[in-house]
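Working notes for the structure below.
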Amino acid sequence: MTVIQNKLKNKMAAGKTLLLILCVTMLLVSGAVGAKKERCNPQDKKALLQLKKDLNNPYVLASWNPDEDCCTWYCVECDSKTNRIITFSIYLSVPEGKNFTAQIPNSIAGLPYLQTLQLHHLPYLTGPLNPAIAKLTNLNFIRITRTNISGPVPAFLSQLKKLEFLDLSFNNLTGSIPAELAQLPKLGALHLDRNHLTGPIPPSFGSFKSNPDIYLSHNNLTGPIPPSFFKLNFTRLDLSRNKLVGDAAGLFGADKGTQTIDLSRNQFAFDLSKVKFPKTLIYLDLNHNKIYGELPAQLTSLDLQFFNVSYNRLCGKIPVGGRLQDQDVYSYLHNKCLCGSPLPNCTK
């Protein structure tokens, strides 16, 4: 073997050794980097695993492997900067929900940075709303709907000062509406509809700072609307299918920005001819009440996409113009003496 061949052989061997060293180094670096990829906060992971256990290890949380980064787990979300858990959301179809049998556990309080809590379509989620929720002071969004939670709407929810959205609809909640909810300074929407709530609308609701959309339909609320409530300038209001009485005319006003009002299937009684409507109104349902008077001509200037005054005590000619003649006949039926298109012509 020549000297040149020996030199080449030595260089090749040295190259292989260097390549081997580089490969080992890259593997070590890769392993070190891989070890740092765990975003999940250890305290949050511990709390989530306890939460999973307390919820009876439902199938929907099967991906919660303690050996993996909890920021990759199903039903949760980590903040992009702090890496703390900010969202816990379970949404199941009805068949899947039948396998989810639990109550809201105390361990939910172990997620102090939580901003969004959603428990939806869980028919076997029972029991009351756990006071541990009050410890989640960063919550701004709560949706617990279509479950079988029961008991009262808890006053402790008023402690969640960052709350912007509260939806407790389609449950089995009972009792009166807590006056303390009006203390939520940022609330933009309140859904308490389709429960079994009783008693009056709290007078304190007139002191909401944020003019939230309010949905209280399909309950057993009674009594008149408190005068303080008329001060609100909400965008959407649904009080339908309760047992509310008295004068609701104060809900309207030419200077308000209301878009939809549903007062149907109550026992309201007031003179509709004296009402001044918001120019922004596009949805008005007053059916099945005891409302009297005539339909104001101002209704012709509104862009009413839905309008129903059937089953009341209205009289007189339906004003011509706007969207009033676009409504079907059923929107006007069963009044004292309404007439004119789309009803039969007036006889006088």
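The values are calculated or read from the model by the stated rules, or taken from the named source; none is laboratory data. As the structure is a prediction and not an experimental result, all values here were calculated from the model. Backbone-built Cβ (ideal geometry, glycine too); neighbour counts: all protein chains shown. Each accessible area value is taken on the protein alone, full model and side chains, heavy atoms only, with ligands, DNA and RNA left out. Shrake-Rupley method; radii C 1.70, N 1.55, O 1.52, S 1.80 Å.
One table, with the values for the structure above:
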{"read-out": "Magnitude of the charge dipole, the chain, Cβ model with Lys/Arg +1 and Asp/Glu -1, debye to 20", "value": "900 debye"}
{"read-out": "Rounded, prolate or oblate (a/c below 1.5 giving rounded, otherwise prolate when a/b exceeds b/c) for segment 167-256 by Cα gyration tensor", "value": "oblate"}
{"read-out": "For residue 245, solvent-accessible area (1.4 Å; no DNA, RNA or ligand), Å²", "value": "50 Å²"}
{"read-out": "Structure-based [θ]222 nm, the chain - -39500 (n - 2.57) summed over DSSP H runs of at least 4, per residue, nearest 500", "value": "-5000 deg cm²/dmol"}
{"read-out": "Ordering of 190-198, 53-61 by packing [mean C-beta count within 10 Å, highest first]", "value": "190-198, 53-61"}
{"read-out": "Degrees between helix 42-54 axis and first principal axis of the chain (Cα, 0 to 90, nearest 10)", "value": "60 degrees"}
{"read-out": "Span from the segment 273-348 Cα centroid across to the segment 87-164 one, whole angstrom", "value": "42 Å"}
{"read-out": "Answer label, with percent of Cα pairs over 38 Å apart calculated from the coordinates and candidates (1) 19; (2) 40; (3) 29", "value": "(2)"}
{"read-out": "Potential lengthening between residue 231 and residue 156 on full extension [0.36 nm per residue; Cα-Cα distance subtracted]", "value": "24.5 nm"}
{"read-out": "Cβ-based net charge around residue 289, under 9 Å, with every Lys or Arg adding one and every Asp or Glu removing one", "value": "+3"}
{"read-out": "Accessible heavy-atom area order of 302, 333, highest first, probe of 1.4 Å", "value": "333, 302"}
{"read-out": "Solvent-accessible area, 1.4 Å probe, carbon plus sulfur percent, for the chain", "value": "55 percent"}
{"read-out": "Å² per residue, accessible surface of the chain at 1.4 Å", "value": "50 Å²"}
{"read-out": "Extension gain (nm, one decimal) between residue 334 and residue 283, 0.36 nm per residue minus Cα-Cα", "value": "16.3 nm"}
{"read-out": "Nearest-0.05 FRET efficiency for residue 207 and residue 303, computed from C-beta distance (R0 22 Å)", "value": "0.10"}
{"read-out": "Dipole magnitude (debye, nearest 20) for segment 126-228, charges at Cβ of Lys, Arg, Asp, Glu", "value": "240 debye"}
